[in-house]
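The values are calculated or read from the model by the stated rules, or taken from the named source; none is laboratory data. Treat the numbers as computed from the prediction; the structure is a model and nothing was measured. Please note: Cβ atoms are built from the backbone with ideal geometry, for glycine as well, and neighbour counts cover all protein chains shown. Accessible surface areas use protein heavy atoms only, side chains included; no ligands, DNA or RNA. Shrake-Rupley method; radii C 1.70, N 1.55, O 1.52, S 1.80 Å.
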Amino acid sequence: MAGGARRTAAAGGSRWSHLHREWLSPPGNATAVALKTPPGPMVGRAAIVRFFAGDFHRLFACDLDVTLHHLHADGEWGVAEATVAATLANGNHCVNDYCFVFELHDGLIHRVREYTDTARGHRMVFGEVP
């Protein structure tokens with residue numbers, strides 16, 4: 001690997017330590033539109049933590065409930081099927097189903113792909129579909 005990106009375990013790193021973290025959501029999803037977040041995936045650990053520790057709660061204000069229906073892991077891949085319910089900042093109640101596909105490297109999450117019903121999300125958040 002160029003530029004010394006590869007570090008050895010003896011040096012405290014792993015063969016994947018140079019990789020960035022990504023959270024990929026459907027483009028134009030209701031959460032991104034409501035929060036006016038930049039288009040595209042969240043890239044980097046700091047951006048993902050900032051979203052879930054701060055921005056997320058600006059929309060999903062209270063009564064957050066995540067029900068996991070199915071989990072499956074196989075090597076460096078995992079899948080979670082869940083229903084997320086919450087009361088939104090505008091007072092609307094929101095319930096939507098999600099599928100999260102996790103790509104792992106050395107036991108750490110490297111990339112998450114989020115799949116959801118975006119039209120339903122828009123109806124829950126805005127009362128309409130774009």
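Checked against (1) under 28 Å from residue 20 (Cβ atoms); (2) assigned to a strand (DSSP E or B), residue 55 meets all criteria but (2). Inside the range 69-98, residues that are open to solvent by 30 Å² or more (accessible area, probe 1.4 Å), over 17 Å from the mean Cα position of the chain (by Cα) and among the hydrophobic types (A, V, I, L, M, F, W, C) make up a count of 2. Within the range 78-117, the set of residues being farther than 19 Å from residue 61 by Cβ and not in a strand (DSSP E or B) comprises 106, 107, 117. Scanning the range 1-47 for residues that are open to solvent by less than 60 Å² (accessible area, probe 1.4 Å), modelled with pLDDT of 85 or more and among the β-branched types (Val, Ile, Thr) returns a single hit, 31. The combined condition, being open to solvent by less than 80 Å² (accessible area, probe 1.4 Å) and in contact (Cβ under 8 Å) with a residue 24 or more places away in the chain, is not fulfilled by residue 52.
Among the residues of this structure, residue 34 counts as one that is hydrophobic (A, V, I, L, M, F, W, C) and in a helix (DSSP H, G or I).
Please determine, by comparing only the residues of the range 111-127 that are among the basic types (Lys, Arg) and more than 19 Å from residue 89 (Cβ to Cβ), which one is most open to solvent (accessible area, probe 1.4 Å). Top of the filtered list is 113.
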